[in-house]
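A quick write-up on the structure given underneath.
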Amino acid sequence: MSSATPSLAHFKLPVIENEPMMAYAKGSAERAKLKQALDDMIAQGTQEVPVVINGEKIYSGKTEKQFNPSNHKSVVCNYHQADAALTEKAIQGAVAAQAQWEALPFNDRIAVFLKAADLLSQKYRYKVMAATMLGQGKNIWQAEIDAAAELCDFWRFNCKYAEEIYHQQPPKNAPGNWNRVEYRALEGFVLGISPFNFTAIGGNIPSAPALMGNVVLWKPSPSAVYSNYLVYEILVEAGLPAGVIQFVPGPAEEICSTAINHPKFASLHFTGSTKVFKKLWTDIGQNMDKYVTYPRLVGETGGKNYHILHPDLDKAGVHHAALQTIRAAFEYQGQKCSACSRCYVPKSLYEDFKASITKEHAKISQGAVQEFQHFSGPVINKFAFDKIKSYIDHAHSNADCEIIAGGKYDDSVGYFIQPTVIYSKDNMTKTMVEEIFGPVVTIVVYDDDKFDETCKLIGDSTEYALTGALFARSRESIVHGSNLLRQTSGNFYINDKCTGAVVGQQPFGGARGSGTNDKAGSWTLLVRFVSMRTIKENFIKPPRQAQEWSYSSHRESIGKTLSSPGIRSNKNTHINYGSSARMAGNVCANVDQIRRQGRWNNTAINGAYLTNLPRELVRSMAGFPTYGRFFYIARAALNPPTSLCTPDDPIQPNVTENAFVQVIMMFRETFIQDSVLMMELHPCYPIWQHSIFSDPAYLSFKRDMLQIEA
Ligand SMILES: NC(=O)c1ccc[n+]([C@@H]2O[C@H](COP(=O)([O-])OP(=O)(O)OC[C@H]3O[C@@H](n4cnc5c(N)ncnc54)[C@H](O)[C@@H]3O)[C@@H](O)[C@H]2O)c1
Ligand SMILES: N[C@@H](CCC=O)C(=O)O
């Protein structure tokens, strides 16, 4: 019995909405459930995470640890690592699984992701959130918007976008034709590499290509392995067949270089730092001769995101901008690619802005994520802690900089860095131009009459263009600023913070050094993972079809010209449909028609005299229409090589004195010109066996002619 649903109806997708978010207020049921999930996870201690290839859990024995950043003595999981050999095995298994997965009817494919979303929304919500909180240092709200809401949204909205893509079909069909396009999966496997900071991005990296029928090797971030593994298990429980997504944590360079050296490498779906993406792009570029297909490279990378305040803001507008800056800069410790890390404030508004920022900053509390009251938690690991600390130290020691809030750090228990606000006199200082990826924002002041120049500076001073926000009051200022800032971000916000894009509402992605801007959470990402095949089907019955190769504009004249010397045909023969320009080709194709006239056979022509031939026929044999005085035929523009047209031309009919043959000799040039197209139309006719048609001069002429006709 077939395991695929027969296509007996067009199924309608359930209405897709954003996942409703929970409030986790004190005393609420959801808060209690989340607390229970956290307690259970802490009580269970360190988890073991395998590599999963072809559905088999592999405990390779080469393990690494994922630490809890709130308390780095605590190990969230021991994960087993893939190496080059396991990666090779994963590639082979994935490639072998592809045909069956791609062939699955659309409804059966999307059902996996719709079900996964429901499982995450209900059964596993608190478990995946707990793993994200303990493993990646998110507070409740940040875990809710990421691990629960955004991942459900990615899975569900992607199904809707895929359906919309599949509905895109050619709008027109000529009579007797049916035109279609199918959206094939890529030929080979996709390498999915995900970052630590969003469990949802982890889930989307392999799921988006898999939904479109691809097979994927998913290398999760070492700092997010546990939550990502739970996501993987949800997909498996939802019905993802073995081999479609291979879960391969482990050493990035070994796994990725094995993958990108493989001939079947078809695409990279990457989210992470600009530096790593650029390196992978370079390596892939150097491997181009190895691949079966041009790989599709999709990468969402770093940012140096800005807020700019327009001088026309009133006091309330300034306070609003300050609140939004606190959220954008310090939520999840500034470890969102979209986080605000530079702020441009007009001189006239700076004191108000500073007062609001420092007042709100004083309310921020920081601590371990399972203590629910904290807005701020730890940064992800020691590497991040040391890097962010170095930027704060730079501000401490730089005369142009003043730390106006925060500035302390402590890694004795967890990797805690105080949310830090720097004021700088230098608008090109290190913290204004480099991605820090931590809770540090730098403010510079500009002269009120230098708004335009400041917008230009925003675009010119970094390599990034991910997110940005303009705070302004009047429509005129909004329009003016939006126009000046057009190329400075892929996601642009007006009077709102530059973080917090919602799937289905704000497609997300940046340009310039921030990525390929293929926009996660939109159909544009999904089309990167398909390769269209256009299908034209002709419903006309084969015998008639074989005869209909001419232009209808020529049919009338050919009928007339052929009937005049006595070559008659009924409606169904090819002659009536042949263009005058290709008449000789027709004759070749159906010599019986001619033979019936008693004049031609395959090698000889008898009883046809030039004087018998009407002017229209002569014109048509020369390749011209029979009407009008001036005309242009593209192929007549290319002269055959003289060697092919000389009198001792090897096309020698055996009745040389025949007047009709004289005509043919006169038109030998035309015949050679026409032969190229005739040969395409009637490849089996014996005359093409003649040695002239394999002459290098002819072959070169033929190539040129085909180019003209293309
Ligand atoms: N634009 C976006 O949508 C977006 C979203 C999230 C994060 N980010 C960016 O991601 C970065 C933070 O995440 P991260 O620290 O996990 O990034 P990262 O670049 O350090 O790591 C990302 C992934 O790449 C892998 N990796 C590292 N070195 C590699 C190599 N040489 N070859 C192959 N793979 C390698 C890592 O193991 C991880 O899985 C920031 O720069 C942030 O801006 C961007
Ligand atoms: N989409 C998220 C950022 C994802 C990157 O880390 C936002 O809009 O804040």
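Please verify whether N204 is in the same structural domain as N158 (by TED's automatic domain parsing) and part of a helix (DSSP H, G or I), treating the condition exactly as stated. Yes: the conditions hold for N204.
Can you report the number of residues in the stretch 518-540 which are within 16 Å of ligand 2 (Cβ to nearest atom), out of contact with any Leu (no Cβ under 8 Å at 6 or more places or on another chain) and in contact (Cβ under 8 Å) with a residue 40 or more places away in the chain? Reasoning before the result, please.
Of the stretch 518-540, the ones within 16 Å of ligand 2 (Cβ to nearest atom) are 518-522, 524-525.
Cutting the leftovers down to out of contact with any Leu (no Cβ under 8 Å at 6 or more places or on another chain) gives us 520-522, 524-525.
Subsequent filtering for residues that are in contact (Cβ under 8 Å) with a residue 40 or more places away in the chain retains 520-522, 525.
Qualifying residue count, the stretch 518-540: 4.
Has the stretch 147-161 got at least one residue that is buried (at least 22 other Cβ atoms within 10 Å of the Cβ), touching a Pro at 6+ places or on another chain (Cβ under 6 Å) and in the same structural domain as A111 (by TED's automatic domain parsing)? For the stretch 147-161, residues buried (at least 22 other Cβ atoms within 10 Å of the Cβ), touching a Pro at 6+ places or on another chain (Cβ under 6 Å) and in the same structural domain as A111 (by TED's automatic domain parsing): absent. Considering (1) more than 22 Å from Q324 (Cα to Cα); (2) surrounded by fewer than 23 Cβ atoms within 10 Å (Cβ to Cβ); (3) touching a helix residue (DSSP H, G or I) at 6+ places or on another chain (Cβ under 9 Å), the lone condition that Y415 does not fulfil carries the number (2). Counting only residues that are within 16 Å of ligand 2 (Cβ to nearest atom), more than 18 Å from the chain's Cα centre (by Cα) and among the hydrophobic types (A, V, I, L, M, F, W, C), the stretch 287-310 holds 0 of them.
Count of the stretch 275-290 residues, restricted to those that are under 19 Å from P209 (Cα atoms) and away from ligand 1 (no atom under 13 Å from the Cβ), is 0.
Only a single criterion out of (1) within 13 Å of ligand 1 (Cβ to nearest atom); (2) part of a strand (DSSP E or B); (3) surrounded by fewer than 24 Cβ atoms within 10 Å (Cβ to Cβ) is not satisfied by P222, namely (2).
The condition (being buried (at least 22 other Cβ atoms within 10 Å of the Cβ) and away from ligand 1 (no atom under 11 Å from the Cβ)) is satisfied by just one residue among A316, A266: A266.
Kindly indicate whether any position in the stretch 123-139 is among the charged types (D, E, K, R), away from ligand 2 (no atom under 16 Å from the Cβ), closer than 17 Å to V15 by Cβ and buried (at least 23 other Cβ atoms within 10 Å of the Cβ). Scanning the stretch 123-139, I find no residue that is among the charged types (D, E, K, R), away from ligand 2 (no atom under 16 Å from the Cβ), closer than 17 Å to V15 by Cβ and buried (at least 23 other Cβ atoms within 10 Å of the Cβ), so the answer is no. Residues of the stretch 375-393 that are buried (at least 17 other Cβ atoms within 10 Å of the Cβ) and of a type outside the set (F, W, Y): S376, G377, P378, V379, I380, N381, A384, I388, K389, I392.
Residues in the stretch 211-230 that are touching a residue at least 60 places away in the same chain (Cβ under 8 Å) and within 16 Å of ligand 2 (Cβ to nearest atom): S223, A224, S227.
This table checks each residue for (1) within 14 Å of ligand 2 (Cβ to nearest atom); (2) closer than 21 Å to T467 by Cα; (3) in contact with a Lys or Arg (Cβ under 7 Å, 6 or more places away or on another chain).
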residue: R327; (1), (2), (3): yes, yes, yes
residue: G334; (1), (2), (3): yes, yes, no
residue: P346; (1), (2), (3): no, yes, no
residue: K359; (1), (2), (3): no, no, no
residue: F375; (1), (2), (3): no, no, no
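Matching residues to (1) closer than 25 Å to D426 by Cα; (2) assigned by TED's automatic domain parsing to the domain that holds Q333:
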position: E453; (1), (2): yes, yes
position: D460; (1), (2): yes, yes
position: Y464; (1), (2): yes, yes
position: E476; (1), (2): no, yes
position: H480; (1), (2): no, yes
position: N483; (1), (2): no, yes
position: Q487; (1), (2): yes, yes
position: I494; (1), (2): no, yes
position: P507; (1), (2): no, no
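Applying the criterion of being of a type in the set (D, E) and under 23 Å from N287 (Cβ atoms) to the residues of the stretch 228-262, the residue that is surrounded by the most Cβ atoms within 10 Å (Cβ to Cβ) is E254.
The values are calculated or read from the model by the stated rules, or taken from the named source; none is laboratory data. It should be emphasised that the depicted structure is a prediction, and the values quoted were computed from it without experimental measurement. Cβ atoms come from the backbone with ideal geometry, glycine included; neighbour counts cover every protein chain shown.
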